[in-house]
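The structure under discussion appears below in the form of structure tokens.
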Amino acid sequence: MDIRERRIPSPSFGPALRAARERTGLGLRETARRAGVSAGYLANLEAGRRSPSTAALSALTDVLGPTDAERAALAEAAVDDAGRDHPARRCCSDAAA
């Protein structure tokens, strides 16, 4: 099994995500609940300690409704092989279907 190196998003990602959330008037826990992620995970994203999976970022942007410019900037940080998008999870979820 290959061990992936943790990727850190650009310094502007976390503040942009937080600004989008604050603009909606939602708290961190409520945003996380609506997006189907944990509040701790969202806090780590906003602090710039984690890069979001494409699936998690999609769920968050559905909740937050960012502008097109914000959506494009946020999408640059997404990784397609982590969390819900990890190949092992795709494999197993495909087999269960």
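Table for the structure above
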read-out: Residue-span extension gain [T67 to R29] - 0.36 nm each, minus C-alpha spacing; value: 11.5 nm
read-out: Added length on full extension, which subtracts the Cα-Cα distance from 0.36 nm per residue, A75 to S12; value: 21.5 nm
read-out: Amide H contacts under 5 Å for V79, placed H, 5+ residues apart; value: S53, T54
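Coordinate-derived values only; no laboratory data. Quick caveat: nothing in here was measured; it's all calculated off a predicted structure.
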